[in-house]
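**Student:** Sharing a structure, written as structure tokens. Questions coming.
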Amino acid sequence: MQKRQIALVTGASKGIGAAIARELAADGFHVWLNYRSDRQAAQQVAEQVETAGGECTPLPFDVADAQATATALEPLLKEQVPFVLVNNAGFARDGIMAMMSQSDWENVLAVHLNGFFNVTRLVVARMLKKRQGRIINIVSTSGESGVAGQVNYSAAKAGLIGATRSLAAEVGRRNILVNAVSPGFIATDMTEELPLERILPLIPLGRIGEPEEVSGLVGFLCSERASYITGQVFAVNGGIHI
Ligand code: NAP
């Protein structure tokens, strides 16, 4: 039997990352399932993947920590090179700029931007040698438009959109495709406490999205059918930003 291709998904213990892990496993990838600390949630996703006939390897490390990332990934990368990397790990620390703490600014930039750098630099170096790969960065409507209370998160996600475009330009000749997927409001832990009554009237489709409505697009971008798409930002937002 042919060996499965590897897909490394960061922040895959819950929410959008978990849906992406299930989707890519169903598409035949062996998933390297990264998470930071919620081992129980990661274990549940691993069981769902395996019950559905897929394969996955849980991989706990903090993407914002360059040393921890290298310690976890380098031994694996000596053996196998992922075909897919999905940079999804992240969180928001909302608050108005005038009151924002230094740590809320730095931690949000660290997980989204340093996290992208720490993981991608290691993986893309190996993809370049293999002359193939797909990198998908999960960004946000907040990185495309202004959102009060999210100066740190918008800056991080807009930065990641810039990095997506530049990396796509850099590695296209080696057949590595780099794209961003930009969700609007999606039902996960991250959005659990938001005031839906104020948000829903702003969304033309009148509802928030499900993680599987994001993971379906990621699955497509990792497939053969997406072989001529790179450097793009794809919104999955119910029309909230058109
Ligand atoms: P979520 O349900 O809160 O899940 C976040 C995931 O990221 C968890 O698996 C968590 O691991 C992991 N994580 C957080 N910090 C990490 C770190 N430093 N290192 C490794 N893993 C880390 O969030 P979500 O809503 O699915 O969001 C996923 C991505 O989509 C994020 O990048 C977010 O910015 C983006 N996004 C979300 C929405 C939305 O409406 N939900 C909209 C636009 C964009 P543990 O469980 O171990 O903590």
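**Student:** Just flag the chymotrypsin sites (Phe, Trp or Tyr not before Pro) in region 183-242 sitting in loop per DSSP whose Cβ has no more than 11 other Cβ atoms within 10 Å.
**Tutor:** Tyr228
**Student:** Whose amide H sits under 5 Å from the amide H of Gly133, counting only residues 5 or more places off or on another chain, with H placed in the peptide plane?
**Tutor:** When sequence neighbours closer than 5 places are left aside, the close amide H contacts are Leu177.
**Student:** On to the next question. What ranking of Lys157, Lys78 comes out by heavy-atom accessible area, probe 1.4 Å, highest first?
**Tutor:** Lys78, Lys157
**Student:** Name the long-range amide H neighbours of Gly209: under 5 Å, sequence gap of 5 or more, or other chain; modelled H, no Pro or chain starts.
**Tutor:** Phe185, Ile186, Ala187
**Student:** Here's something else I'd like to know. Give me the mean projected area, in nm² to one decimal, of the convex hull enclosing the Cα positions of the chain.
**Tutor:** 13.2
**Student:** While we're on this one: Taking Cα pairs under 8 Å and at least six residues apart, what relative contact order does the chain come out at, in percent?
**Tutor:** Reported as a whole number, the value is 19 percent.
**Student:** Next up: Evaluate Rg over Rh across region 1-91, taking Cα atoms for both radii and Kirkwood's formula for Rh.
**Tutor:** Result: Rg/Rh = 0.94.
**Student:** Between Arg174 and Glu192, what length in nm is gained on full extension when 0.36 nm per residue of separation is reduced by their alpha carbon distance?
**Tutor:** My answer for the length gained is 2.4 nm.
**Student:** Take the Cβ-Cβ distance between Ala148 and Leu205 as r, set R0 to 25 Å, and report the resulting FRET efficiency rounded to the nearest 0.05.
**Tutor:** 0.65
**Student:** How far is it, in nm, from the label point at Glu50 to the one at Phe91 when both lie 7 Å from their Cα along the line to the Cβ?
**Tutor:** 2.7
**Student:** Here's another thing I want to ask about it. What do you reckon, how do His241, His30, His112 stack up by accessible area (1.4 Å probe), largest on top?
**Tutor:** Largest accessible area first, the residues go His241, His30, His112.
**Student:** Could you tally the net charge around Leu73, taking each other residue with its Cβ under 14 Å from the Cβ of Leu73, Lys/Arg +1 and Asp/Glu -1?
**Tutor:** That works out to -1.
**Student:** For Thr57, Thr71, give me the order by solvent-accessible area with a 1.4 Å probe, most accessible first, ignoring ligands, DNA and RNA.
**Tutor:** Thr71, Thr57
**Student:** Please report, in debye to the nearest 20, how large the charge dipole of the chain is about its Cα centre when each Lys and Arg carries +1 at its beta carbon and each Asp and Glu carries -1 there.
**Tutor:** Dipole about the Cα centre, nearest 20: 1080 debye.
**Student:** What number do you get for region 100-223 when its Cα radius of gyration is normalised by 2.2 N^0.38 Å, N = residues?
**Tutor:** 1.17
**Student:** Between region 19-47 and region 176-194, what's the alpha-carbon centroid distance in Å?
**Tutor:** 17
**Student:** Another question, if that's okay. Kindly provide log₁₀ I(q)/I(0) values, in the same order as q = 0.11, 0.14, 0.24, 0.28 Å⁻¹, from the Debye equation applied to equal alpha-carbon scatterers of region 177-240.
**Tutor:** -0.30, -0.47, -0.99, -1.18
**Student:** Using only helices, what value at 222 nm comes out for the chain when you add -39,500 (n - 2.57) per DSSP H run of length 4 or more and divide by the total residues, to the nearest 500 deg cm²/dmol?
**Tutor:** Helix contribution divided over all residues of the chain: -13000 deg cm²/dmol.
The values are calculated or read from the model by the stated rules, or taken from the named source; none is laboratory data. If you're wondering where the values come from, they're calculated on a predicted model, not measured in any experiment. Counting neighbours? That spans all protein chains shown, and the Cβs are built from the backbone with ideal geometry, glycine included. The accessibility values were calculated without ligands, DNA or RNA, using every heavy atom of the protein model including side chains. Shrake-Rupley method; radii C 1.70, N 1.55, O 1.52, S 1.80 Å.
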